[in-house]
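The values are calculated or read from the model by the stated rules, or taken from the named source; none is laboratory data. The model shown is predicted, which means the values in this text are computed figures rather than measured ones. Because the Cβ atoms are built from the backbone with ideal geometry, glycine has one as well, and the counts that use them run over all protein chains shown. Heavy atoms of the whole protein, side chains included, go into the accessibility calculation; ligands, DNA and RNA do not. Shrake-Rupley method; radii C 1.70, N 1.55, O 1.52, S 1.80 Å.
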Amino acid sequence: MNEQQRKQANQIKQVDPSDIKSAPEENLERLKNMDSDEMIDKYFQTTYEPPNLKKAKKRLKKDVDIHYDFSISKELQQIGKGKKFLIRTYGCQMNEHDTEIMAGILSDMGYETTDDTNEADVILLNTCAIRENAENKVFGEIGHLKPLKLEKPDLIIGVCGCMSQEESVVNRILKKHPFIDLIFGTHNIHRLPALIEEAMFGKEMVVEVWSKEGDIIENLPKVRKGKIKGWVNIMYGCDKFCTYCIVPYTRGKERSRLPEDIIQEVRQLAAAGYKEITLLGQNVNAYGKDLEFQYGLGDLMDEISKIDIPRIRFTTSHPRDFDDRLIEVLAKGGNLLDHIHLPVQSGSSEVLRVMARRYTRESYLELVKKIRTAMPNATLTTDIIVGFPNETDEQFEETMTLMEEVGFESAYTFIYSPREGTPAARWEDNIPMEVKKERLQRLNALVNKQSAEAMKKYQGQTVKVLVEGESKKDPEVLSGYTERNKLVNFRGPKSIIGEIVEVKITNTKTWTLDGELVHEAAEVK
Ligand code: SAH
Ligand code: SF4
Ligand code: F3S
């Protein structure tokens, strides 16, 4: 970052009054006694303005400001002393990483962490809006927390993450769950200290959701979940607007961090002993498109590959933005792993057209060919949606044949779920549920078969495993991932947790491998 950019990185933007949705005047007791319609009326008579998906679509032309001066006032650094927080995280790695940031902020406010809801003074639900069932889980949890709140009125319960960007969700919480103390959006995380203070001392529900994307704030504190694998955000938001997807509305426009800020973070993680870094973005290979200079994910990976860290991954890439420079850099290998998650969504060019994916079956296959030519051993995995509006049996069969043709080694598969505010939600969701389920079952059977076949190839081979800890099922067994993201279980001393070791595969299953430790003492790079 040059001097001028640093100068531009001015004060963290103060709250823009037109963007703040202040809460009404009622306190919890009065809210509890009101009927819902009366309550909604009350809310709309006040200055409360819900988040707005249409507004979220309007991208600002101006550049995003980058800030380096996040700070928490002395008083707020004391506010959590002797208190505890718990954050429940739903959704993708982006949300997991946001939770690490919120944990960092709360820790800097004096709070300690707990896993026990009964012990917590602050509970945050970091939510996901990607499909209806993700939202249902959160509403279920909100229901579970109500008795706790009634028992402990000082408990602060907050809802954040992607669901809080949705107007309908905020309205539903206002109407049905007025005991919630705080709702804040994905662009408001840096405002957490002030929001907690407001929730603590004011008696009203605090609602602050900026519909338009915020700036990039570089120096937010983080408490990372692990010491072996770390996430590094390289960009935020998504501009693709696939017709089924809520993410561009909940996460705002694409904003790239400056290369030097990312590189510095990766260096720090390397120095702290991290063994694997995953570069994160909703559309990670659109990295750099919004920068003022010519620089893309390939350039960034090339620089990061020189850092002494054994494994670098990235997720999630979009086929449309997978350029030759990225392939050329990945083909150099080294610490850049050749496992590529490349969501295809459908094998039918017509379905892809209405999904607005901006590629065809043929161009996807072309890309796969290019990747395989440059990286013959690359592992490809994908995401697939079944039951998109009007998807015919023939079109679904095209997804099945594409799955085989590419030879995906695994896939996340989903039944289409209409998301309010997206273009596809205006179309009739006309594939009957039993057809959707049948398609999903058939697809999953194929995914399992291909995964098991891919696993079989490892029989008798020696693989490098980054040992993450005890296996979930048996504390006597260690587990970790190979370079190609296969989970391996094997016996060994606990002292090798956090190291990369060689394991000989003795048995293969559909989703996991069993093995025997080959090298115990020396760490393998
Ligand atoms: N940014 C990534 C993935 C984002 S969400 C990408 O573009 O690939 C993860 C996956 O959820 C998507 O790949 C898609 O398969 C699925 N998904 C997104 N919206 C969905 C919806 N409305 N219904 C069902 N699945 C959906
Ligand atoms: Fe959603 Fe498409 Fe963006 Fe992925 S690329 S986050 S599926 S809009
Ligand atoms: Fe869900 Fe938001 Fe991630 S909708 S998948 S948590 S970006």
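Quick notes on this structure:
- Residues located in segment 142-173, provided they are away from ligand 3 (no atom under 15 Å from the Cβ), touching a strand residue (DSSP E or B) at 6+ places or on another chain (Cβ under 8 Å) and not hydrophobic (A, V, I, L, M, F, W, C): Lys149, Gly158
- Scan of segment 293-345 for residues that are open to solvent by 20 Å² or more (accessible area, probe 1.4 Å), small (Gly, Ala, Ser) and touching a Gly at 6+ places or on another chain (Cβ under 6 Å), ordered by number: Ser305
- Number of the condition not met by Gly230 [criteria: (1) within 16 Å of ligand 1 (Cβ to nearest atom); (2) at pLDDT 95 or above; (3) surrounded by 23 or more Cβ atoms within 10 Å (Cβ to Cβ)]: (1)
- Here Ala424 meets the list (1) more than 28 Å from the chain's Cα centre (by Cα); (2) touching a residue at least 40 places away in the same chain (Cβ under 8 Å) almost entirely, failing just condition (1).
- Segment 384-393 - residue that is touching a residue at least 24 places away in the same chain (Cβ under 8 Å) and of a type outside the set (A, V, I, L, M) and, of those, nearest to Ala445 (Cα to Cα): Gly387
- Strands (runs of 3 or more DSSP E) lying entirely in segment 175-290 (those with 1 or more residues that are of a type outside the set (D, E, K, R) and within 26 Å of Arg313 (Cβ to Cβ)): 229-233, 276-280
- Sole exception among (1) within 16 Å of ligand 1 (Cβ to nearest atom); (2) open to solvent by 30 Å² or more (accessible area, probe 1.4 Å) for Met403, by number: (2)
- Flag if Ile371 is of a type in the set (A, V, I, L, M), farther than 27 Å from Tyr244 by Cα and in a helix (DSSP H, G or I): yes
- Single residue of segment 346-391 satisfying the filter (polar (S, T, N, Q) and surrounded by fewer than 19 Cβ atoms within 10 Å (Cβ to Cβ)) that is nearest to Glu428 (Cα to Cα): Asn390
- When Thr482 is tested against (1) within 26 Å of the chain's Cα centre (by Cα); (2) outside the structural domain of Phe314 (by TED's automatic domain parsing); (3) in contact (Cβ under 8 Å) with a residue 12 or more places away in the chain; (4) surrounded by fewer than 20 Cβ atoms within 10 Å (Cβ to Cβ), just one condition goes unmet, and that condition is (4).
- Considering residues of segment 414-470 that are part of a loop (DSSP other than H, G, I, E, B) and over 20 Å from Ile130 (Cα atoms) only, the residue farthest from ligand 1 (Cβ to nearest atom): Gly460
- Any hit, segment 330-338, residues being more than 27 Å from Ser305 (Cα to Cα) and either more than 13 Å from ligand 1 (Cβ to nearest atom) or not polar (S, T, N, Q) (or both): no
Residue-wise test of (1) on the phi > 0 side of the Ramachandran plot; (2) open to solvent by less than 10 Å² (accessible area, probe 1.4 Å); (3) modelled with pLDDT of 95 or more.
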position: Asp215; (1), (2), (3): no, no, no
position: Glu218; (1), (2), (3): no, no, yes
position: Lys222; (1), (2), (3): no, no, yes
position: Lys253; (1), (2), (3): no, no, no
position: Ile262; (1), (2), (3): no, yes, yes
position: Tyr274; (1), (2), (3): no, no, yes
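- Any hit, segment 349-366, residues being within 16 Å of ligand 1 (Cβ to nearest atom) and of a type in the set (Val, Ile, Thr): yes
- Annotation: Asn377 fulfils all but one of (1) assigned to a helix (DSSP H, G or I); (2) modelled with pLDDT under 95; the unmet one is (1).
- Neighbours by Cβ (under 6 Å, 6+ apart or cross-chain): first from segment 359-371, in contact (Cβ under 8 Å) with a residue 12 or more places away in the chain; second open to solvent by 20 Å² or more (accessible area, probe 1.4 Å): Tyr359/Arg320; Arg361/Ser349
- When residues in segment 213-269 are screened for being more than 28 Å from Glu468 (Cα to Cα), within 16 Å of ligand 3 (Cβ to nearest atom), touching a residue at least 40 places away in the same chain (Cβ under 8 Å) and out of contact with any Leu (no Cβ under 6 Å at 6 or more places or on another chain), 19 of them pass.
- Being closer than 24 Å to Lys486 by Cβ, more than 19 Å from the chain's Cα centre (by Cα) and at pLDDT below 95 is a description that applies to Asp338.
- Only one of Tyr287, Tyr295 that is more than 19 Å from Met94 (Cβ to Cβ) and hydroxyl-bearing (Ser, Thr, Tyr): Tyr295
- Residue list for segment 82-102, restricted to those being among the polar types (S, T, N, Q) and over 21 Å from Leu155 (Cα atoms): Gln93, Asn95
- Per the conditions (1) modelled with pLDDT of 95 or more; (2) open to solvent by 60 Å² or more (accessible area, probe 1.4 Å), the sole criterion not satisfied by Thr413 is (2).
- Asn188 falls short on exactly one of the conditions (1) open to solvent by 20 Å² or more (accessible area, probe 1.4 Å); (2) in contact with an Asp or Glu (Cβ under 6 Å, 6 or more places away or on another chain), and that condition is (1).
- Total residues in segment 227-278 satisfying the condition of being under 19 Å from the mean Cα position of the chain (by Cα), within 24 Å of Phe70 (Cα to Cα) and of a type outside the set (S, T, N, Q): the figure is 16.
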